[in-house]
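> Pasting in a structure now, in structure tokens, and then I'll have a few things to ask.
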Amino acid sequence: MTALSALVRYQFALLLRSQRWLPPLLVYAGLFGVGVRAGQPVLDSLGYAAAVLLPVAAWLVRLCATAEPDAARHCGVAAAGAVRVQLGGVLAGGAAAGVLGLAATAAVLLLGDAHSTDGRVSVPLLPAAGAGVLAVAACVLAGAGVGALCARPVLRARGWGVLATVGGVVLVLAARASPARAAVSGLTSGSGTGTVPASWGALLGAAAFAACAVGLSLLAASRRG
């Protein structure tokens, strides 16, 4: 556990120093600025903020999984093992996306209107915040799963990895059985009636998907190094 936490800190520091976090941050800030306005229904805005976080989470996980040059990665694998190195990158990228999502949730709660879409029903902010955090967690987990499957060692070619990431994000957001879509649609549907959803099922589904996806990436890491 100590070695894994050290690897996560190392990957996080590597991400910050490389400034490769800047493009996904700017993209998310741009999408957030376009879709979230002061006075909009808070549940709608929370759903939007969570949905656009999913591709950013996949992007950040891919960045952390591919940040090291091959020589540096080989040194890390020799010291801590391929599985820990791979898991450290995934956790660092997911943590970065989670921090971004929590900041966006706080901004929505400050800017949003705590009423239903038609303005007739009051929405309690504390339960709305909890629902927003659940949706953010579901989207981060789903995005991290996509990012882990579309980065090395599962996909080594950068071009194919980027294309697979885009396709995976679209699929996860659009598929009817997607837990991330269920979490987001629960918020938008609840906004129509002023009812705050509890998306625990969506969170568990996203966690199961992420566990399977990350598990496959760890299996590939154990075999390919």
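> I'm checking my understanding of the structure. Among residues of segment 26-42 that are outside any loop (DSSP other than H, G, I, E, B), touching a residue at least 12 places away in the same chain (Cβ under 8 Å) and open to solvent by 60 Å² or more (accessible area, probe 1.4 Å), which one is farthest from L109 (Cα to Cα)?
Looking at residues that are outside any loop (DSSP other than H, G, I, E, B), touching a residue at least 12 places away in the same chain (Cβ under 8 Å) and open to solvent by 60 Å² or more (accessible area, probe 1.4 Å), I get V27.
Results for (1) among the hydroxyl-bearing types (S, T, Y); (2) over 18 Å from the mean Cα position of the chain (by Cα), shown as yes or no for each residue.
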position: Y10; (1), (2): yes, yes
position: P24; (1), (2): no, no
position: R37; (1), (2): no, yes
position: C64; (1), (2): no, no
position: P69; (1), (2): no, yes
position: H74; (1), (2): no, yes
position: L87; (1), (2): no, no
position: G93; (1), (2): no, no
position: G101; (1), (2): no, no
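> While we're looking at this one, here's another question. If you go through segment 88-130, how many residues are among the hydrophobic types (A, V, I, L, M, F, W, C) and open to solvent by 40 Å² or more (accessible area, probe 1.4 Å)?
Selection size over segment 88-130: 12.
> Let me ask something else about it. Counting only residues that are at positive phi and either of a type in the set (D, E, K, R) or touching a His at 6+ places or on another chain (Cβ under 6 Å) (or both), how many does segment 61-110 have? Show your work before the answer.
At the first step, the residues of segment 61-110 found to be at positive phi are 81.
Still in the list and also either of a type in the set (D, E, K, R) or touching a His at 6+ places or on another chain (Cβ under 6 Å) (or both): none.
Residues flagged as at positive phi and either of a type in the set (D, E, K, R) or touching a His at 6+ places or on another chain (Cβ under 6 Å) (or both) within segment 61-110 amount to 0.
> Please go through segment 10-40 and pick out each residue that is hydrophobic (A, V, I, L, M, F, W, C) and either at positive phi or touching a Phe, Trp or Tyr at 6+ places or on another chain (Cβ under 7 Å) (or both).
L15, V36
> Tell me which helices (runs of 4 or more DSSP H) are completely within segment 47-112 and hold 2 or more residues being modelled with pLDDT of 95 or more, or say none if there are none. Please lay out each step first, then the result.
On the way: elements: 53-66, 70-80, 82-111.
Hits in segment 47-112: 53-66, 82-111.
> For segment 126-185, how many residues are touching a residue at least 40 places away in the same chain (Cβ under 8 Å) and assigned to a loop (DSSP other than H, G, I, E, B)?
5
> Hey, does segment 198-214 have a residue that's open to solvent by less than 40 Å² (accessible area, probe 1.4 Å), under 18 Å from A82 (Cβ atoms) and either touching a residue at least 12 places away in the same chain (Cβ under 8 Å) or not hydrophobic (A, V, I, L, M, F, W, C) (or both)?
The answer is yes; a qualifying residue exists.
> While we're looking at this one, here's another question. Looking at segment 61-87 only, could you name the residues that are open to solvent by less than 10 Å² (accessible area, probe 1.4 Å) and farther than 18 Å from G147 by Cβ?
none
> Any residue at all in segment 191-200 that's over 30 Å from P41 (Cα atoms) and polar (S, T, N, Q)?
no
The values are calculated or read from the model by the stated rules, or taken from the named source; none is laboratory data. Here the structure is a predicted model, which means the values were calculated and not measured. As a convention, Cβ positions derive from the backbone with ideal geometry for all residues, glycine included, and neighbour counts pool all protein chains shown. Just the protein is used for accessible areas: all its heavy atoms, side chains included, with ligands, DNA and RNA removed. Shrake-Rupley method; radii C 1.70, N 1.55, O 1.52, S 1.80 Å.
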